[in-house]
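Quick notes on the structure that follows.
The values are calculated or read from the model by the stated rules, or taken from the named source; none is laboratory data. All figures in this text were calculated on a predicted structure; none of them were measured in a lab. Reconstructed Cβ throughout: ideal geometry from the backbone, glycine too, with neighbour counts over all protein chains shown. Side chains are part of the model used for accessible areas, which takes the heavy atoms of the whole protein and leaves out ligands, DNA and RNA. Shrake-Rupley method; radii C 1.70, N 1.55, O 1.52, S 1.80 Å.
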Amino acid sequence: MSNYALRIPNSLFDYAKQCAEDESVSMNQFFVMAIAEKVSALKTAAYFEERAGRADVSRAREILKKVRDVPPLPEDEPAPAHVAREPKAGYGIRKKPAAAGARKVRVHKGR
């Protein structure tokens, strides 16, 4: 295990502290999970960039020409845009009831 002194703006620290409390994890665990998520995202992006560099577009087009032109099965159709899906709990995510008087914060991700 390694140690690293981290300088964080007070506002970001306060928000991270609140997030850790909301997730019922220590600040250390919260920071480790946040770093792990970022490293994973960077490694994933690098993998797909490398993989895309090996792609053979003409070969892919040949393969796609073999696909029959039939409509998708009903279960293969995408859900209508107005149907909201409940996010699944992931690593370190614990669902717990909101405290009395707690404010709900909604985070909207870009499309």
Give the residue from Val57, Pro74, Ala45 lying farthest towards the positive end of the charge dipole for the range 42-82; charges sit on Cβ (+1 for Lys and Arg, -1 for Asp and Glu) and the dipole is referred to the Cα centre.
Val57
Please report how many Lys pairs in the range 1-90 have alpha carbons closer than 24 angstrom, counting only residues at least 8 apart along the chain or sitting on separate chains.
4
Between the range 18-41 and the range 59-75, what's the alpha-carbon centroid distance in Å?
42
Among 62-71, 46-55, how do they line up from the highest to the lowest mean number of other beta-carbon atoms within 10 Å?
46-55, 62-71
Using each residue's phi in the range 42-47, evaluate 6.51 cos²θ - 1.76 cosθ + 1.60 at θ = phi - 60° and report the 3J(HN,Hα) Karplus result to the nearest Hz, with x for Gly and Pro.
5, 5, 5, 4, 5, 4
With every protein chain kept in place and a 1.4 Å probe, the range 1-85 has an accessible area per residue in Å² of 95
Using the Karplus curve 6.51 cos²θ - 1.76 cosθ + 1.60 with θ = phi - 60°, what ³J(HN,Hα) values do you get for each residue of the range 63-70, in whole Hz, with x for Gly and Pro?
5, 5, 5, 7, 6, 5, 8, 10
